[in-house]
Every structure is written in C-alpha cells, then in structure tokens.
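FYI, it's all coordinate maths here, none of it is from the lab. Note that this is a predicted model, so its numbers are computed, not measured. Reconstructed Cβ throughout: ideal geometry from the backbone, glycine too, with neighbour counts over all protein chains shown.
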C-alpha cells in the first residue's frame, strides 16, 4: 500500500513517527503551515517557521525515505492577532519556493471579519501564483462555516478544482461535493472522523475528489491513520485500486496542479546535511 498523507504537521512529530510512517507505506506528504499552540508574538517567528518547513523539515523527512512538501499561509487562528497579520506581506517570496505546493491552511476558526480578510487575501495570492489551496473549516458550527467558506471561494474566482476543503464530516460533505471543490477528511483517535465513518462515506459518495489525511499534530493524533483507513477500506470490500486512488492518486492529482511535486525523496530534500546539521545517527 503506497500512501501520500496530504495533511500532516511533522514539525510537531518525532523521527520515530517518520520511521513508523515509512514502514506502513507513507512515501510522500504535505505539511501545511498551522498554529503551533503557543501564540506567536511577531512576524519573525512565522518566517523562521516557514524557513523550517521549506528547508530543515524537508531534509529530515528525506532521511527516512519520505518526500516532504508544504503549504504556506497565515493560519485562521492567528489571523485575528494584529501582531501577525503583516506576515501576509511576506508570503509571495515563499510561494515561489521549491517544495511549496499550495497555499494553506487558510479559512476559518471563529469566522471573524479579520479571518474574512486574511482568507480572501490569501485566495488572491493563490490565484496569482497558480497554486492549489488547502482550506481549514471551523470546528464549531461546521455547516455554517463550510457554507461561508464556499461563498468566499466562489467570490475569489479561483477554480474549485484548485481548492481542497478539509476536516469534513457527514454534515458538510455534500456541500463541498456539490461545489466542485476537493473533499478532505481528517482521521483522528477521538474527534473529527474515524475509519468506520470514513468507509461509510466513501461507500455513499465514491472516491472521486476525496483525500484522507491524519492531520497529526501536537495533540492526540496518529500519523498512521491513513494506513488504518486503507485497511478498513479493504475490509469493507473496496479493491486495491480504490484504496490507491484515495491514498495516493488523488493527493498526487490535487497537489500536482502546483507543478512542484517531487515524489522521489532523493530529489525532494535528501542531502548529507541541512545548514550544517545532520539527522543521521550512526549506521542505518
């Protein structure tokens, strides 16, 4: 089983996670920029973080046989903080870098006017740079947040096939399916979606424009949930081609619109060192 995790926050994970992911078939991933849990107090902290995503983390993943890509954005949570908004002015220089395959995560957390402005401005950046967009839908009042998200996407003029609306569930999938956007589902131990519910949705809606991710981060989450979803699909009667479509072909199709996918780790960041540092420890 080959796996492309289209949304996972490896900055907050360990090298043990990389090893475990490779062992079950993960060979590529996208790491979207997100809220680190501790509020950032200045633009410089964002720029250091973005530099890590396009440099160090890409190198670190390659040491374990995984091709790392990222999405860059001001996340919805911190779009409400006036100390952070200036980072929007710095996005253009990151959106042209190797390994950056999308703008994201953008969208809504609390659906404030500040989030409206940041969302619309970053959709404009995606149009200018001809990049796909990864959209975070709010965890509260999800149907209303998803409807508002789709309204802003339509107003932006970006083609819906360049937009992935993530963190969907049974209450929001039909809205996004009808919009023409791609549908993303995060499989979590306790919240969001689980494997059984995901398989039921795939049986109802099919595999077209569907991406499954672990969204693993610093909270209780599991970077192997993509694999367990694939196994659940096989157990429910889906064939290997359908599993491959959801776990590999669809992420490649969507992020391939960037023109920057490098699915061979040897060309996606593997070098002896990264800025003088090496994660190689002893014989491997």
Over the range 109-165, what is the mean sequence separation of C-alpha contacts under 8 Å (at least six apart), divided by residue count, expressed as relative contact order in percent? 43
Run a plain Debye calculation on the range 85-177 (Cα atoms as equal point scatterers, no solvent) and give log10 I(q)/I(0) at q = 0.15, 0.25 Å⁻¹, rounded to two decimals, same order as the q list. -0.54, -1.36
If I build a Gaussian network model for the chain, linking alpha-carbon pairs within less than 10 angstrom, which residue out of 107, 256, 44 has the largest mean-square fluctuation? 44
What whole number of Å gives the distance from the Cα centroid of the range 183-257 to the Cα centroid of the range 26-87? 23
Ranking of 182, 248, 56, 218 by count of other Cβ atoms within 10 Å, fewest first: 218, 56, 248, 182
So, in nm, how far is label residue 48 from label residue 140 when the simple model puts each one 7 Å beyond its Cα toward the Cβ? 3.1
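From the square roots a ≥ b ≥ c of the eigenvalues of the alpha-carbon gyration tensor of the range 3-258, which class results: rounded (a/c under 1.5), prolate (a/b over b/c), or oblate?
On the way: a/c = 1.63, a/b = 1.21, b/c = 1.35.
Oblate shape, in that a/c is at least 1.5 and b/c is the bigger or equal ratio.
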For the range 29-76, the convex hull over Cα atoms projects on average to an area in nm² of 3.5
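What fraction of the DSSP beta bridges in the chain is antiparallel, stated in percent and rounded to the nearest 5?
Numbers: 1 of 26 bridges.
The answer is about 5 percent antiparallel.
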In a GNM of the chain with a 10 Å cut-off on Cα contacts, which of 14, 172, 207 has the highest mean-square fluctuation? 14
Where only alpha carbons of the range 1-123 are counted, the Rg and the Dmax (Å): 14.8, 45
Residue 252 and residue 178 label points (each 7 Å along its Cα→Cβ direction) are spaced in nm at 3.4
GNM result for the chain, Cα springs below 10 Å: residue of 236, 28, 73 fluctuating most strongly: 236
